[in-house]
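*Asks:* Sending over a structure as structure tokens; questions will come in a sec.
Derivation of every value follows stated rules applied to the coordinates shown; laboratory data play no part. What you see is a predicted model, and the numbers here were worked out from it, not measured in a lab. Positions of Cβ are generated from backbone atoms using ideal geometry, with glycine treated the same way; all protein chains shown enter the neighbour counts.
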Amino acid sequence: MRPNPHYRRILPLLLLFTFFVTTEISAADIAIRYDIPYNVDLTDPLQQLDIYTPTPHKGRLPLLIHLHGGGWRMGDKKSLDEHGIFYAERGIIFVAVNYRLSPEVTHPTHVGDCTTAVAWVLRHVIKLGGDPQRVYLSGHSAGAHLAALLATDPRYLGRYDLSPARLRGVIPVDSAAFDLAAENQDWSIRRYITSAFGEEITTLRAASPLIQVIRHRAYPPFLILVSSLRENAVAQSQLFTARLSMNGGIAVCNVINDLSHSAMNIGMAEEESPVSTAILGWINASAPLQ
């Protein structure tokens, strides 16, 4: 059913009102705003995000947008409370994003939702207290794939007159899906790939960040973190890193020893974890990756 045209005219005002009146929850000097819609059409309740902001703060802070994992068919930003609090406690605005999931939707809906969310944040970054020059994008597992895809294929952000170059850096955490069409694709995620992307080779290639990396494109710097326990993920991460470097991008791949796939996600929000240490060290650096 098409929305009432009168509703469509007042919808931007309603969204603005929602943005300003969303309940703030204080947690150890952190302001948390839940369930902020990032899609002006409000077509699905999953098209929302949560924001964790250090308070009070002076000046503009680095901002980290994060996309949850779950095989493109599971997961929820509600599981990222510890992540949000962890980074906000360290002076970083953290934005947790939900997106629509398979099997209800298929590619390119997942990456389309994530792109809409990133565009929303980039438009509101100053209002959120963030530094427009220090917006980072991370993701774990399927979220890592989506982060890498929208950062390597300029057509997604281009729909909003934005470029991936607006991102100061991208941090994919433990993805084995940089090349969805790889013949030696990890069997454990093949069924998730089929559910979310189908089996048509042209679709799989178009949705593969590795395939999107070509010369004469500007890419944000990449910090790629991968578990040593996942052989296929390590191989794909190193190949993706090499492809970026050969085509003029800046990329570093850190293989993290002896952490499981889920532990890589948990490690993003654990003190002294090699995962959080690498991320914080990169974000707090005064210059992009060298």
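*Asks:* What are the trypsin sites (Lys or Arg not before Pro) within the stretch 211-283 that DSSP puts in a loop, where the Cβ has at most 12 other Cβ atoms within 10 Å?
*Replies:* Taking the stretch 211-283 and a limit of 12 other Cβ atoms within 10 Å, the loop trypsin sites (Lys or Arg not before Pro) found are 215.
*Asks:* Could you go through the stretch 196-213 in sequence order and give the Karplus-derived ³J(HN,Hα) for each residue, using 6.51 cos²θ - 1.76 cosθ + 1.60 with θ = phi - 60°, rounded to whole Hz, and x for Gly and Pro?
*Replies:* Once θ is set to phi - 60°, the couplings for the stretch 196-213 become 8, 10, x, 10, 5, 4, 5, 5, 4, 5, 5, 9, 9, x, 4, 5, 6, 7 Hz.
*Asks:* Mind jotting down the three principal axis lengths of the chain based on Cα atoms? Whole angstrom, largest first.
*Replies:* 50, 47, 35
*Asks:* Amide H of residue 61: which non-local residues (sequence gap of 5 or more, or other chain) have their own amide H closer than 5 Å, using H built in the peptide plane?
*Replies:* So residue 61 has HN proximity to 130, 131.
*Asks:* For a quick check of your reading of the filter: which GluC sites (Glu not before Pro) in the stretch 72-179 sit in a DSSP loop and have no more than 13 other Cβ atoms within 10 Å?
*Replies:* When the GluC sites (Glu not before Pro) of the stretch 72-179 are filtered for loop state and at most 13 Cβ neighbours within 10 Å, 104 remain.
*Asks:* Would you mind calculating the relative contact order of the chain from Cα pairs under 8 angstrom and at least 6 residues apart, reporting the percent as a whole number?
*Replies:* Numbers: 548 pairs, mean separation 41.2, N = 290.
For the chain, the relative contact order is 14 percent.
*Asks:* So for 202, 115, 109, 194, fewest C-beta neighbours within 10 Å to most, what's the order? Before the final figure, lay out the partial values.
*Replies:* Working: 202 8, 115 24, 109 17, 194 13.
In order of increasing Cβ crowding within 10 Å: 202, 194, 109, 115.
*Asks:* Moving on to the next point. Can you compute 3J(HN,Hα) from phi for each residue in the stretch 224-237, using the Karplus curve 6.51 cos²θ - 1.76 cosθ + 1.60 with θ = phi - 60°, rounded to whole Hz and x for Gly and Pro?
*Replies:* 10, 10, 8, 6, 5, 7, 10, 4, 5, 5, 4, 4, 5, 5
*Asks:* What is the percent of Cα-Cα separations in the stretch 224-288 that go past 14 Å?
*Replies:* When every Cα pair of the stretch 224-288 is considered, 60 percent fall beyond 14 Å.
*Asks:* If I model a spin label as a point 7 Å beyond the Cα along the Cα-Cβ vector, how far apart are those points for residue 228 and residue 131 in nm?
*Replies:* 3.3 nm
*Asks:* Could you state the number of Å between the C-alpha centres of the stretch 126-153 and the stretch 166-227?
*Replies:* 15 Å
*Asks:* Which order do 282, 187 fall in if you start with the one that has the fewest other Cβ atoms within 10 Å?
*Replies:* Values: 282 19, 187 8.
With the sparsest Cβ surroundings first, the list reads 187, 282.
*Asks:* Just add up the charged neighbours of residue 283: K/R +1, D/E -1, any other residue whose Cβ is under 15 Å from the Cβ of residue 283.
*Replies:* +2
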